[in-house]
Structures are given as C-alpha cells and as structure tokens.
Ligand code: KIV
C-alpha cells in the first residue's frame, strides 16, 4: 500500500459536507512544491494555485500576463507536494472568457498535465457557457465573484466591490447561477460582509471569502501575504501570522556579515 492511500484526501464532496456540518473550510495559495508541502502539512483543506502567481512569483503588476503554460508549471509543482488537500488551479486571463471551446481545452490541459483536482474561473453570467462546458466534461469548477482581478482594467481600482445595490443584486444572481450550473464552491473577494452572508445563506455550495467577512463558509489568503513575506501589501482583510520579511532579510544580513568576517564557515562546518 502506498503512503498516499493512507491519507484521506479532501474532495469537492468533503467541502460540500463541511458547509452542511458548519465546519469552516481553509484554503491558502501555493505556487511551488516546497510551499505546497508546508501548507498541506499544516492541514489546509484546499490549496489554490492562484494566478496571483503572476504578482507574487513573477513580479507583474496584475494577474493578466501569466500564461496557461506557466500556470501548468506551477500546478505540476504544487501537486507533487500535496498528499491531502484539494488542489484548485486558476484558469488564466484570455484562456476561457469568450470561447467555451477554448475554456474546455485550457481546463483539460491543466487537469491532464498537472494532475490537479479542480479549476477556478472568474465571473458569472458572462461565462456561463464556458462553465457549462467544463462541468459537462466532468471537471469540478470553483467560481470567483466580487473583485475579480482579471477585470482590473475594467474596474480601474482594487476597492471593495458590490457596495451599490445593482452590483450586489447581480452578484447574488451570479452566485445562484454558479450553484445551478454545478460549481462546487465560489470564492467571494472583497465585498461587504453583509452581502457575503446573504450569498452564503442563499446557496447550498460553500462560499470561500477573501476580504468578505466571517460568515463565509471558508477563508482563503495568499500564503506569501499571511506569512508576512510581502511588506508593501497591507489590505484591511489581511492577518499576518509571521513577519518573514524581517526574519529573512535579517538572516541574509547576518549571513553576509558572517562570510565577510570569515566567521562562516567555522571548523565544525568544514571537511
Ligand atoms: O489568484 C489568487 O490568489 C486568488 C485568490 C486571491 C482568491 O484568486
């Protein structure tokens, strides 16, 4: 028997049951093998190979530049490090929006070439046909509503979405549509907590919030933000559990001093 078969894997069905049992769902991002291993060992239920890799890994200003091939590379690395969590991968900008056939082709490539378990896709009614195509092919789909970063140039700002009634009503309708289409969960990003509660209460699939208050069925954060590796990004919703920026730059400075002063390596560190 392999080691993997002894670990009970999280599935989309597990997440559905967690909502039903009122057990909160935890999700963090990972883009590489080492972080995926750490996050899985820490016990998260789901790992998101987010297109935020475009910002965090590649230093782009937005999520738009990352390619399907690059997402597949990140997803492959993450899958190799995970033995328990559900691995969800973002479909990147330009690979699904206006062409349901292209959406299916992109999602199939991710599933086949990485071994990931599910796809996340930004939007509601506008991408209904793309979502249908994926679900008809047996691919589990997680929706993403509210602040959808791939539309940043349409929004013009990263401010809280759906504060106005019209956008809030559309968001509720979109969440209900995603449920009807067969999505297994929906990420709600940066919307008022009261609206996130309304959505959560009105659908039977789990909501996973980021900047959407405590009434969502689960929470997701970007790993590099929650361990404090990123000093410049401090939105109100972010809780930092470590201050790795200070710790890592401190360790690097100490190493530089030790080498410069011939303190490192010492006799015990030499052959
Ligand atoms: O790409 C990402 O990291 C995301 C989360 C912020 C939900 O979509």
| Length released on extending from residue 261 to residue 105, taking residue separation times 0.36 nm less the Cα-Cα span | 50.5 nm
| query | How large is the helix-only mean residue ellipticity at 222 nm for the chain, computed as the sum of -39500 (n - 2.57) over DSSP H runs with n ≥ 4, divided by its residue count, in deg cm²/dmol to the nearest 500? | reply | -12000 deg cm²/dmol
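Over all directions, average the projected area of the Cα convex hull of the chain and note it in nm². List each step's numbers first, then the result.
Details: hull surface 69.7 nm².
That works out to 17.4 nm².
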| remark: Ranked from fewest to most other Cβ atoms within 10 Å of their own Cβ, 6, 122, 23, 13 fall in the order 6, 13, 23, 122
| request: Please sort 187-194, 48-55 by packing, taking for each peptide the average over its residues of neighbouring beta carbons within 10 angstrom, highest first. | output: 48-55, 187-194
| task | Would you please state the base-10 log of I(q)/I(0) at q = 0.16, 0.26, 0.27 1/Å for the range 6-85, with intensities from the Debye formula using one equal scatterer on every alpha carbon? | result | -0.63, -1.15, -1.20
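For 237, 155, what's the fewest-to-most ordering of other Cβ within 10 Å of each Cβ?
Working: 237 17, 155 12.
The order, fewest Cβ neighbours first, is 155, 237.
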| task | Can you give me the three principal axis dimensions of the range 53-194 from its C-alpha atoms, in Å, biggest first? | result | 43, 35, 31
| Tell me, in nm to one decimal, what length is gained between residue 194 and residue 67 on full extension, where the rule is 0.36 nm per residue of separation less the Cα-Cα distance? | 42.2 nm
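Express in nm, to one decimal, how much length is gained between residue 231 and residue 165 on full extension, taking 0.36 nm for each residue of separation and deducting their alpha carbon distance. The partial results should precede the final answer.
Details: separation 66, 0.36 × 66 = 23.76 nm, distance 3.44 nm.
Extra length from residue 231 to residue 165 when fully extended: 20.3 nm.
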| task | Mind giving me the nanometre distance, one decimal, between the label points for residue 83 and residue 113, set 7 Å out from Cα along Cα→Cβ? | result | 2.9 nm
| said: If neighbour count is taken as other Cβ atoms inside 10 Å, put 39, 256 in order from fewest to most. | reply: 256, 39
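For the range 116-211, what does the convex hull of the Cα positions come to per residue, in cubic angstrom?
Hull volume over Cα atoms, normalised by residue count, gives 95 Å³.
Throughout, read-outs are computed from the coordinates displayed, never taken from laboratory work. These figures come from a predicted structure and were not determined experimentally. Positions of Cβ are generated from backbone atoms using ideal geometry, with glycine treated the same way; all protein chains shown enter the neighbour counts.
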